[in-house]
């Protein structure tokens, strides 16, 4: 019975990590930490033990997700000639927008879906606004700043989707490792 409760708790925490990754937060690393804990702390043969190859696969999926998010965001603005200042402000705007989406997304029905959609869209919109502000501060005209901001928006959105897909894979591997 205790083993079942532990597995249910691990499942809940893994799904929480997955949800955080969908929202653009580092939830994939929660899944990696759970897998590491199950690898080190659970005895071999226990249903909560994670084998080394599952651990490596989960770690690889999390690393790939971070890589995809970084590359998509960075390439989005840099392909259009974005500055470092614009990239830093795009990142800050993205984080602020994602947090605002979590807070105010519950006003959009249904609450959980509203929070996810608002966090994704406001995170990308924050990247857009931050990139425009950074490029204007760097002395670029409105047209160039808007183009770079648009690229930052799509880069952030696509990067978050890529990271969420990798989080889904990591979560699926973890859940299969502890349930099967």
Taking interchain pairs and intrachain pairs at least six residues apart, which have beta carbon atoms under 6 angstrom, with the first residue in region 87-103 and over 10 Å from residue 156 (Cβ atoms) and the second assigned to a helix (DSSP H, G or I) and modelled with pLDDT of 90 or more? 89/130; 89/133; 89/134; 92/130; 96/126; 100/122; 101/122
Is it true that some residue in region 159-180 is without any contact (Cβ under 8 Å) to a residue 60 or more places away in the chain, farther than 30 Å from residue 39 by Cβ and assigned to a helix (DSSP H, G or I)? no
Being without any contact (Cβ under 8 Å) to a residue 60 or more places away in the chain and crowded, with 16+ Cβ neighbours inside 10 Å is the filter here, so list the residues in region 110-124 that pass it. 114, 118, 121, 122, 124
Residue that is in contact (Cβ under 8 Å) with a residue 60 or more places away in the chain and either within 23 Å of residue 121 (Cβ to Cβ) or in contact with a strand residue (DSSP E or B) (Cβ under 6 Å, 6 or more places away or on another chain) (or both), where the choices are 16, 107, 23: 23
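Any idea how many residues of region 130-143 are in contact with a helix residue (DSSP H, G or I) (Cβ under 7 Å, 6 or more places away or on another chain), in a helix (DSSP H, G or I) and surrounded by fewer than 18 Cβ atoms within 10 Å (Cβ to Cβ)?
Going through region 130-143 one residue at a time, the tally reaches 1.
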Any chance residue 127 is surrounded by fewer than 23 Cβ atoms within 10 Å (Cβ to Cβ), out of contact with any strand residue (DSSP E or B) (no Cβ under 7 Å at 6 or more places or on another chain), assigned to a helix (DSSP H, G or I) and touching a residue at least 12 places away in the same chain (Cβ under 8 Å): no
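The values are calculated or read from the model by the stated rules, or taken from the named source; none is laboratory data. What you are looking at is a predicted structure, and each value in this text was computed from that prediction instead of being measured. Cβ sites come from the backbone with ideal geometry, for glycine too, and all protein chains shown count toward neighbours.
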